[in-house]
1. Sequence-distant or interchain residues sharing an amide H contact under 5 Å with K445, placed H: which?
2. Give the peptides 556-564, 262-270 in descending order of average Cβ contacts within 10 Å, highest first.
3. Over segment 126-168, what is the relative contact order in percent, taking alpha-carbon pairs closer than 8 angstrom and at least six residues apart?
4. Please compare each pair in K445/K529; K389/K438; K229/K530; K389/K530 to a cut-off of 21 Å on the Cα-Cα distance and tell me which ones are over it.
5. Could you pull the Cα extents of segment 373-620 along its three principal axes, largest to smallest, in whole Å?
6. Tell me, rounded to the nearest percent, the portion of alpha carbon pairs in segment 191-288 spaced more than 21 Å apart.
7. Highest mean first, what order results for 197-206, 494-503 on Cβ atoms within 10 Å?
8. Hey, how many Å between the Cα centroid of segment 388-436 and the Cα centroid of segment 458-486?
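Bear in mind these aren't lab numbers, they're just calculated from the coordinates by the rules spelled out. Keep in mind that what you see is a predicted model, and the values were worked out from it rather than measured. So basically every Cβ, Gly included, is an ideal-geometry build from the backbone, and we count neighbours across all protein chains shown.
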Amino acid sequence: MSQSALKLALGKPRQESLRGEAASEPFSTEEVAHLQATLEQQLGAVLQRNEKLEQLNACFEAALNHMGRGLSMFDSEQRLVVCNKAYADIYHLPPGLTRPGTPFVEILRYHMRRVMGEETSGEAATEWIKKHVARLQQSGHLDEIQNLTDGRIIRVTYQPLAGGGWVDMQEDITAQRQSDEKIEWLARHDTLTEIPNRFHFREQLEHQFESYDPRQGFALLWLDLDHFKEINDRLGHLVGDGLLKSVAARLKDCLRAGDVVGRLGGDEFAILQVGVDREDLADSLARRILQNIRRPHDVFGHCLHTEASIGVALAPHHGQTPEQLFACADMALYRAKSMGRGVHAIYAPGSVDTASEAQNPLRSELQQAVERSELVLHYQPIVDLREGKVSSFEALMRWKHPSRGMIPPSEFIPIAEETRLIVRMGSWALRQACTDAKEWPESTKVAVNLSAVQIECCDVYEIVTEVLHETGLEPQRLQLEITETVLMRDQARTQEVLRKLHDLGVLITLDDFGTCFATLNYLRSFPFKKIKIDRSFVRDIPEHHDCVAIVKSVADLARELNMRSVAEGVETAASLAAVRAAGYSEAQGFYFSPPVRASGIKRAVKQCTLRLAALDSAIAGSKDNSRENSSD
């Protein structure tokens, strides 16, 4: 120990000679003891500080190595300062490359050789590092995605350090990317057949119009399976789904590279045939498809025979927008069905309407029905399951034919939409429904269906405001129900119209929810306040237990999105009990009441009250029996 240290330890100065040297007299016993105690005290403090530093280092190392992300730090000389275990694991670095002081160029060359599958020279690696450091200093922050040869995807973030060098973090985003890709795939594909859904197919069609080459046209084939409903009803949905999968597979087999097949919903499919400048090419594909579909389908041991009808339209000859081409293909499909089914028809301007009218007199008679006021509105109650009362009535159009009696809407609504009569009919229905609702209790609302053609061909917002003003009905008492097909036509225009109606106070309901996966995309984009699940799920609850899970999931989804949920198609007490247990806000169906004329509203309300009371009584009786059995 130096003399100065001894002086400091003893706490008093020693006498020095004239030459400045320490005196030579020996230390006393007391001084030695004091010195020893002081040294032990200082040594203990040093050891304690070292122990704390070791603990801090251990904690720091543990924290680094327990990070979910990789971390490394390099100094201004591009040498490793520190890295954690995750960093070494991500790049499979050997221990020799994780020691402090390791040049980054060595790590980079190993990474390129072992992880990226590329051999890199020292000069090339050094040049890459120079450019990398320059970009980092210039931007102040760098992000990059590394696609490793083993399929992993790594996101790397670089941050420069004040004294030179940098710190980087690595995150394995493989699972996240796979999840994102799966969600994206589900949003654009039909989960049953694994082909593009209506949404994605329309995207493909729009892309064809946007990138249209005048030298090469394209064709749209709209296909509808004949008598599919009979197979579905007779053998069950499982067999029906199997048949749809078989048809989808055969359609794909008929196509060339670049062609697209999609499922529009139900038993409807569409094919986009690219590079078609002549009708005979589309005609040949349609014939090949029909021939393939006619071959027997082996589905769960059932040998099924089915056929299809196909409507064909070509761009740009028959339509210069997706809407026009779909409309022409639809009319051609209608013509094919009227020719006896199992055939195809190509759209022929000027001949479709005449041929269709000859085959189906309803087309010409519907125009007369509108003029003669043969259309009437029936109302079906919608019951609030929480309040136990009728909350609204849905207006349903009926055609009272002078000789055929009541014609169901499934027969004349498609004709009305094709001929655009639905615009006039829809305006009448809205005005009549609001007029009738004005006579009901103020707490009772009216629901009116809105067609895609109405949004396309007229100013729906102006018509609604005009009708509300004329009838004096408050906007909050009007509900407009739309299906996914409405959203498919012109999303931007539809979104604007629905937003204005929502701001007016009109309640917007998404009808037939669950028929297409893509409807999930619209819940965030459109101002829906109510979801009405498709009646097929509710109707099949007694026979298909999987429908219970679907019904409940839709109710849960509506609740999470702060929307009301409506179960349509309640036809039995069991169905009502199931949707009530699932948490639905409202229910509708023949179990409560069939659609009735406006004059039968009071009677329908009374019947709904009795049905609810009967269910409550049955539930209470079941609980009492359970208590008695448990007490026994």
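1. S392, F393
2. On the way: 556-564: 14.8, 262-270: 21.9.
Output ranking for 556-564, 262-270: 262-270, 556-564.
3. Dividing the mean separation by the residue count of segment 126-168 yields 28 percent.
4. From K445/K529; K389/K438; K229/K530; K389/K530, over 21 Å: K229/K530.
5. Sorted largest first, the three principal extents are 51, 41, 35 Å.
6. Cα-Cα pairs in segment 191-288 separated by more than 21 Å: 36 percent.
7. Highest to lowest by the protection proxy: 197-206, 494-503.
8. One Cα centre to the other: 15 Å.
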